[in-house]
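Taking it in order: structure first as structure tokens, then the write-up.
The values are calculated or read from the model by the stated rules, or taken from the named source; none is laboratory data. Everything numeric here is computed off the predicted structure, so don't read it as measured data. Here Cβ is always computed from backbone atoms with ideal geometry, including for glycine, and neighbour counts include all displayed protein chains. Just so you know, the surface numbers come from the protein's heavy atoms only, side chains and all, with ligands and any DNA or RNA stripped out. Shrake-Rupley method; radii C 1.70, N 1.55, O 1.52, S 1.80 Å.
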Amino acid sequence: MKAIVVTDKAAGTAGMKLAERPEPRAAINDVVVQVHASGFTWDELTWPPTWTDRLDRDRTPSVPGHELAGVVTALGYGTTGLSVGQRVFGLTDWTRDGTLAEYVAVEARNLAPLPGDVDFTLGASLPMPGLTAWQGLFEHGRLRAGQSVLAHGAAGVVGSMVTQLAREAGAYVIGTGRAADRQTALDFGANEFVDLDNDALEDVGGIDLVFDVIGGDIQKRSAGLIRAGGTLVSVVGPTEARPADGLAVDFVVESDRAQLSEIVQRVRDGRLRTNIGNVSTLDDAVAAFNRTERRKGKTIIRVRP
């Protein structure tokens, strides 16, 4: 099968190449999925599991990509809940070969049914940003109606999901970003927008929940805005700053079938919009990942036409 592979961590996306790889087989509790569309997260080549297995052994050449939408073609021993021919989408294990390939082996529990009226490109754009926003807001941030949320990067792939889900839950959302992102953030539902280059972040006042996708100085300044009992949620690694009288949580997103189903239902209802940017083919994926201009939206690779 055709797949994108990486062997050189220092090379980054420039080290990606299209190659032939053996088709995967389904282990116990696995399914094999014929990939129709795959999502790619811009920084995943910096993640240790891209290069090593659970025992820290080199596993290159490895196939990156962890989001997919496709069709089940085989079931492993003991696999339940899915069937051959079923449309699915989800998030794959970090330490196994990923979804920038014609086929991928995935634990069945990491996948959810993809409704027939949701196309594969849309399905592949949902797992990482949708689950990250959902888990950060509701599991770790314990968001409740009437609370305020500071959503950093509100025009971005994750931030736009955070904004929409928080608004739907009854929160007041203040989005942040660059000046050029203002209208996009407001279009996704932010009540207000803070230009991090020109506006004073501290002017937003007390916040119940900060969703941080930036880290560094912005994270430290944001921690000082959190009300007593509030939460700083971060997806950029261990938090360097903590609220004076609140919680700081960093987390790694996990696949969850029930949450995926909640997210895709909101898309079908028109309550949630994805933020898709460049869509390319597997043959052209390497060029798509090596664009020089700033990326807007989620990069999706259509593996099958």
>> Just to check your reading of the model, which residue among G175, G130, G153 is free of Cβ contacts under 8 Å to residues at least 60 places away in the same chain and either out of contact with any strand residue (DSSP E or B) (no Cβ under 6 Å at 6 or more places or on another chain) or more than 30 Å from Q86 (Cα to Cα) (or both)?
In response: G175
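Restricting the search to the stretch 169-210, which residues are part of a helix (DSSP H, G or I), of a type outside the set (K, R), under 27 Å from G270 (Cα atoms) and over 19 Å from the mean Cα position of the chain (by Cα)?
The answer is A180, D181, Q183, L186, D187.
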> Checking R144 against (1) over 30 Å from G206 (Cβ atoms); (2) surrounded by fewer than 16 Cβ atoms within 10 Å (Cβ to Cβ); (3) not polar (S, T, N, Q), which single condition isn't satisfied?
Replying inline: (1)
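Could you please find all residues in the stretch 267-276 being surrounded by fewer than 19 Cβ atoms within 10 Å (Cβ to Cβ) and in contact (Cβ under 8 Å) with a residue 60 or more places away in the chain?
R268, R271, R273, I276 - these are the residues of the stretch 267-276 that are surrounded by fewer than 19 Cβ atoms within 10 Å (Cβ to Cβ) and in contact (Cβ under 8 Å) with a residue 60 or more places away in the chain.
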>> For the stretch 234-278: of the residues being of a type in the set (D, E) and part of a loop (DSSP other than H, G, I, E, B), which is farthest from M128 (Cα to Cα)?
In response: D245
>> So for the stretch 4-27 (the condition being among the basic types (K, R), closer than 20 Å to D284 by Cα and touching a residue at least 60 places away in the same chain (Cβ under 8 Å)), does at least one residue qualify?
In response: yes
> Applying the selection to the stretch 200-235, what residues are exposed (fewer than 14 other Cβ atoms within 10 Å of the Cβ) and of a type in the set (D, E)?
Replying inline: E202, D203, D217
> Here are some residues: G65, G70. Which one is open to solvent by less than 40 Å² (accessible area, probe 1.4 Å), assigned to a loop (DSSP other than H, G, I, E, B) and in contact with a strand residue (DSSP E or B) (Cβ under 6 Å, 6 or more places away or on another chain)?
Replying inline: G65
> Quick check: is even one residue across the stretch 151-161 of a type outside the set (S, T, Y) and open to solvent by 50 Å² or more (accessible area, probe 1.4 Å)?
Replying inline: no
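Go through the residues of the stretch 165-173 one by one and say whether even a single one is under 21 Å from E254 (Cβ atoms), open to solvent by less than 20 Å² (accessible area, probe 1.4 Å) and of a type outside the set (K, R).
To start, the set of residues in the stretch 165-173 that are under 21 Å from E254 (Cβ atoms) comprises 165-166, 169.
From the residues that got through so far, the ones that are open to solvent by less than 20 Å² (accessible area, probe 1.4 Å) too are 165-166.
Applying the additional criterion that residues be of a type outside the set (K, R) yields 165-166.
Within the stretch 165-173 (the criterion being under 21 Å from E254 (Cβ atoms), open to solvent by less than 20 Å² (accessible area, probe 1.4 Å) and of a type outside the set (K, R)), the answer is yes, since at least one residue qualifies.
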> When the stretch 1-55 is examined, which residues are found to be open to solvent by less than 30 Å² (accessible area, probe 1.4 Å) and among the charged types (D, E, K, R)?
Replying inline: D30, E44
> Which of the residues spanning the stretch 236-258 are open to solvent by 50 Å² or more (accessible area, probe 1.4 Å) and hydrophobic (A, V, I, L, M, F, W, C)?
Replying inline: V236, A244, L247, V252, A258
> Scanning for something at positive phi and part of a helix (DSSP H, G or I), does the stretch 215-228 turn up at least one residue?
Replying inline: yes
>> Cβ-Cβ under 6 Å, sequence separation 6+ or interchain: first residue in the stretch 40-51 and aromatic (F, W, Y), partner open to solvent by 40 Å² or more (accessible area, probe 1.4 Å) and assigned to a helix (DSSP H, G or I). Which pairs?
In response: W51/K9
>> Based on this model, can you work out whether E202 counts as free of Cβ contacts under 8 Å to residues at least 40 places away in the same chain, under 28 Å from W94 (Cβ atoms) and of a type in the set (D, E)?
In response: no
